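Data block below; observations after.
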């Protein structure tokens, strides 16, 4: 099912993410990492999810997974006198 959906829309991030999970559960690390790489090209929406998703546990020991499975934290910067705060700041943690 996932591969059929991927064939129809290979750039849809929700499909790519779920297919990555299936590959990880099947022990197909290369395919899982390739899908996660494509997901992350479209932004960081899934990073917090991936950081905690047990479907991806088999990938965590692979050093190549670190950029995909690190948590994303949004923080509000402290105001600096004389400077305008423009918005939240993205921080990536391990």
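The values are calculated or read from the model by the stated rules, or taken from the named source; none is laboratory data. These figures come from a predicted structure and were not determined experimentally. Neighbour counts run over all protein chains shown; Cβ positions are idealised from the backbone, glycine included.
A few remarks follow.
- Complete set of residues in the stretch 47-63 that are surrounded by 18 or more Cβ atoms within 10 Å (Cβ to Cβ) and at pLDDT 90 or above: 56, 59
- Criterion violated by residue 79 - all others in (1) assigned to a helix (DSSP H, G or I); (2) at pLDDT below 90 satisfied: (1)
- Note on the stretch 5-18: residues that are assigned to a helix (DSSP H, G or I) and either over 13 Å from the mean Cα position of the chain (by Cα) or over 18 Å from residue 64 (Cα atoms) (or both) amount to 8.
- Scanning the stretch 20-50 for residues that are over 22 Å from residue 4 (Cα atoms) and in a helix (DSSP H, G or I) gives 47, 48, 49, 50.
- Flag for residue 44 being more than 25 Å from residue 11 (Cβ to Cβ) and modelled with pLDDT under 90: no
- Scanning the stretch 20-35 for residues that are touching a helix residue (DSSP H, G or I) at 6+ places or on another chain (Cβ under 7 Å) and at negative phi yields 20, 21, 22, 23, 24, 25, 29, 31, 32, 33, 35.
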